[in-house]
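Quick one: the structure is below, and I'll ask about it shortly.
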Amino acid sequence: VGCALVAAIVAFGVTALMDPTYEASAVVLITEPRYQMQFEPRFETVDQWQPAYKAFPELATSDGVLETVVAAYEPSPEAGIERWRLAALKEMVEASSEGDPSLVKLTVSCGSAGDAAALANVWAEKLVERGNEIYSEGEEDAAFFQRQTSQAQEALDKAEEALISFQARDRASIVS
């Protein structure tokens with residue numbers, strides 16, 4: 001009993017002297033693309049999204065994504081971060097995909113509760129931006145397909161007008 005009491009007192013003393021660490025999490029949901037283009041029924045789009053789910057925790061902790069977080073967020077003095085750079089952020093973050101592979105849990109440990117929550121949110125935003133750049137059709141692709149559709153519609157309208165004009169002049173249909 002005495003040893004247990006001494007161990008409890010020592011543990012309490014050590015934890016009282018340690019700086020508090022706060023942890024915040026953000027969850028990113030990865031969805032399949034809303035649209036899949038199919039121009040010809042003989043050519044099908046193969047379901048390729050399942051393996052991409054496994055890449056998101058690695059993408060989340062990649063230098064490219066974390067550097068955008070370092071550039072976008074300046075921690076407060078309460079966070080206790082001496083030099084705000086990529087190495088400091090890497091020690092504070094963890095990304096996991098437990099259970100459902102379409103959910104990525106981003107966890108930040110920090111000396112300030114506010115900074116931990118803000119960093120988790122900024123990190124989630126930057127991961128979503130980078131994931132959309134890599135895995136989804138961008139606005140440029142959508143604009144390209146809209147232009148193609150408009151040009152095809154104009155060509156169809158001109159062809160129909162030419163057909164109507166030809167049928168109006170064609171006397172063979174009257175004879176037959």
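The values are calculated or read from the model by the stated rules, or taken from the named source; none is laboratory data. This is a predicted model, so every value here is computed, not measured. Methodologically, a virtual Cβ is constructed for each residue, glycine included, from the backbone with ideal geometry; neighbour enumeration extends over all protein chains shown. All accessible areas refer to the heavy atoms of the entire protein, side chains included, with ligands and DNA or RNA removed. Shrake-Rupley method; radii C 1.70, N 1.55, O 1.52, S 1.80 Å.
I want to confirm something. Restricting to segment 116-172 and keeping residues that are over 30 Å from Val69 (Cβ atoms) and aromatic (Phe, Trp, Tyr), which single residue is least open to solvent (accessible area, probe 1.4 Å)? Even if it seems obvious, please write down each step before you answer.
Taking segment 116-172 and keeping what is over 30 Å from Val69 (Cβ atoms), we get 144-172.
Keeping just the survivors that are aromatic (Phe, Trp, Tyr) gives 144-145, 166.
Working: Phe144: 90, Phe145: 70, Phe166: 111 Å².
Of everything passing the filter in segment 116-172, Phe145 is least open to solvent (accessible area, probe 1.4 Å).
On the basis of being open to solvent by 60 Å² or more (accessible area, probe 1.4 Å) and not in a helix (DSSP H, G or I), does Glu74 make the cut? Lay out the reasoning, then the answer.
Details: open to solvent by 60 Å² or more (accessible area, probe 1.4 Å): yes; not in a helix (DSSP H, G or I): yes.
In short, yes.
Since Met92 meets every condition but one in (1) open to solvent by less than 50 Å² (accessible area, probe 1.4 Å); (2) over 16 Å from Ser62 (Cβ atoms), which condition does it not meet?
Only one criterion in (1) open to solvent by less than 50 Å² (accessible area, probe 1.4 Å); (2) over 16 Å from Ser62 (Cβ atoms) is unmet by Met92, namely (2).
Taking Pro57, is it open to solvent by less than 40 Å² (accessible area, probe 1.4 Å), at pLDDT 75 or above, under 30 Å from Asn121 (Cβ atoms) and touching an Asp or Glu at 6+ places or on another chain (Cβ under 8 Å)? Can you show your working first?
Details: open to solvent by less than 40 Å² (accessible area, probe 1.4 Å): yes; at pLDDT 75 or above: yes; under 30 Å from Asn121 (Cβ atoms): yes; touching an Asp or Glu at 6+ places or on another chain (Cβ under 8 Å): no.
In short, no.
Can you name the residue in segment 95-115 that is in contact with a Leu (Cβ under 8 Å, 6 or more places away or on another chain) and within 27 Å of Thr31 (Cβ to Cβ) and is also most open to solvent (accessible area, probe 1.4 Å) among such residues? Show your work before the answer.
Narrowing segment 95-115 to residues in contact with a Leu (Cβ under 8 Å, 6 or more places away or on another chain): 95, 97, 102-104, 106, 108, 110.
Adding the requirement that they be within 27 Å of Thr31 (Cβ to Cβ) leaves 95, 97, 102-104, 106, 108.
On the way: Ala95: 24, Ser97: 42, Ser102: 15, Leu103: 64, Val104: 1, Leu106: 0, Val108: 1 Å².
Looking at residues that are in contact with a Leu (Cβ under 8 Å, 6 or more places away or on another chain) and within 27 Å of Thr31 (Cβ to Cβ), I get Leu103.
Given (1) at pLDDT below 65; (2) open to solvent by 80 Å² or more (accessible area, probe 1.4 Å); (3) not acidic (Asp, Glu), where does Pro33 come up short, assuming only one miss?
Of the numbered conditions (1) at pLDDT below 65; (2) open to solvent by 80 Å² or more (accessible area, probe 1.4 Å); (3) not acidic (Asp, Glu), the odd one out for Pro33 is (2).
Checking the structure you have, find out if any residue of segment 78-88 is within 19 Å of the chain's Cα centre (by Cα), of a type in the set (Lys, Arg) and either outside any helix (DSSP H, G or I) or at pLDDT 80 or above (or both). Break it down into steps so the answer makes sense when it comes.
First, the residues of segment 78-88 that are within 19 Å of the chain's Cα centre (by Cα): none.
The answer is no, given that none of the residues of segment 78-88 is within 19 Å of the chain's Cα centre (by Cα), of a type in the set (Lys, Arg) and either outside any helix (DSSP H, G or I) or at pLDDT 80 or above (or both).
When the residues of segment 1-21 are filtered to those that are open to solvent by 100 Å² or more (accessible area, probe 1.4 Å), outside any loop (DSSP other than H, G, I, E, B) and closer than 30 Å to Ala113 by Cα, which remaining residue is modelled with the highest pLDDT?
Of everything passing the filter in segment 1-21, Ile9 is modelled with the highest pLDDT.
A further question on this structure: Looking at (1) modelled with pLDDT under 90; (2) over 30 Å from Ile30 (Cβ atoms); (3) among the small types (Gly, Ala, Ser), find the lone condition where Ala159 falls short.
Every listed condition holds for Ala159 apart from (1).
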